[in-house]
1. Mind checking which of Gln158, Gln73, Gln37 has the largest fluctuation in a GNM of the chain, springs on alpha carbons under 10 Å?
2. How long is the gain from Ala22 to Ala56 if the chain were fully straight, where each residue apart is worth 0.36 nm and the alpha carbon distance is subtracted?
3. How many nm is it between the label spots at Glu33 and Val106, if each spot is 7 Å from the Cα in line with the beta carbon?
4. Taking a cut-off of 17 Å between Cα atoms, list the aspartates and glutamates near Lys170, but don't count ones fewer than 8 places away on the same chain.
5. Tell me the net charge near Val154. Cut-off is 11 Å between Cβ atoms, Val154 excluded, with +1 for each Lys or Arg and -1 for each Asp or Glu.
6. Fully extended, how many nm does the chain gain between Glu131 and Thr173 (0.36 nm per residue separation, minus their Cα-Cα distance)?
7. Restricting to DSSP loop positions (anything but H, G, I, E, B) with no more than 16 other Cβ atoms inside 10 Å of their own Cβ, which GluC sites (Glu not before Pro) remain in region 38-110?
8. Please compute the contact order of region 29-110 in relative form: average sequence separation of alpha-carbon pairs under 8 Å and at least six residues apart, divided by the residue count, as a percent.
Amino acid sequence: MAENLTLARPYAEAAYGLAADAGAAAAWLESLERLVQVIHAPEAQQLVRNPTVGAAALAKVLADAAGGLTESQVRLLEVMAENHRLPVLPEVLLHFRDLKNAAESVLAAEIQSAFPLSDADVASVVKTLTEKFGRPVRAAVTINAELIGGISVVIGDQTIDASVRGKLQKLATALTH
């Protein structure tokens, strides 16, 4: 994964530079998200691994599948295909998102919940995190049934564990010491 991030960094930085110059970072982010969804499809994976498919043809198929890409976005896809870097597209998205968040002074939060959260619940958690960190927070919510109940929040290198599993682990540690 670290190697993929290293390979993805120049593409993400170039993409973000183009996006920022055009005032289109949000549109670029949406396009990259669509491309990552496309690249995860089994059919796309087969195409990427097929040595008989040329870079230009591969980029065109992926761009058509993602739809609505700008000329610059298609060119990025072509360059990545030519350099056999399409497998690191998910990491390009991650780094691009980090660059966008940093430029906007926004913290990215990964909220894991044992059960689906309502929009009001997510808004409440985001409000609390915004107050705690003094910066706007953009949250991504995932379901993790292993938490048993409650939530776990990761922001950068900090984890706030308010899950039942986390509390049980703390209790077990306290009882064994």
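Each value in this text was obtained by applying a stated rule to the coordinates, not by laboratory testing. Treat the numbers as computed from the prediction; the structure is a model and nothing was measured. We place every Cβ from the backbone using ideal geometry, glycine too, and count neighbours over all the protein chains shown.
1. Gln158
2. Extending this stretch completely gives an extra 9.8 nm.
3. Output for this residue pair reads 0.9 nm.
4. Straight-line reach from Lys170, under 17 Å: Glu146, Asp161.
5. Neighbourhood net charge equals -3.
6. 12.0 nm
7. Glu104
8. Worked out over region 29-110, it gives 35 percent.
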